[in-house]
Amino acid sequence: MYERAIFNGEADRLSTADREPDAAEADLMLARGKVLHGRFLEDRVEDPRELELFERALALYNAVADEAAELAASVGATAISAQIEEARSRL
């Protein structure tokens, strides 16, 4: 998008180009959150970064208006919070 905006004079592409890195970061935060959650399920040791990662992914998906991914991140964060609370109550 950057190249088209700068070299082809399509300045309207910059708004799209601005969202692409945010969408990629959101995907990365979601993936990292899932990895930490997998570790939590394996050893039942909570990592405080887990929920932060899902919340960051949710905020980024919201910012780029990716409704399907936003819903997935929201459902994931809610389910994970519930699993963490359940595990805490067993301790």
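Scanning region 14-47 for residues that are more than 10 Å from the chain's Cα centre (by Cα) and touching a residue at least 12 places away in the same chain (Cβ under 8 Å) yields Leu14, Thr16, Ala17, Arg19, Glu20, Leu36, His37, Phe40, Leu41, Arg44, Glu46.
For region 1-23, the candidate set comprises residues that are surrounded by 12 or more Cβ atoms within 10 Å (Cβ to Cβ) and aliphatic (A, V, I, L, M); within that set, the residue that is modelled with the lowest pLDDT is Met1. Quick check on Ala31: is it aliphatic (A, V, I, L, M) and over 14 Å from Ala63 (Cα atoms)? In short, yes.
The values are calculated or read from the model by the stated rules, or taken from the named source; none is laboratory data. Just so you know, these numbers come straight off a predicted model, no measurement behind them. Using ideal geometry, Cβ is built from the backbone for each residue, glycine included, and neighbour counts are taken over all protein chains shown.
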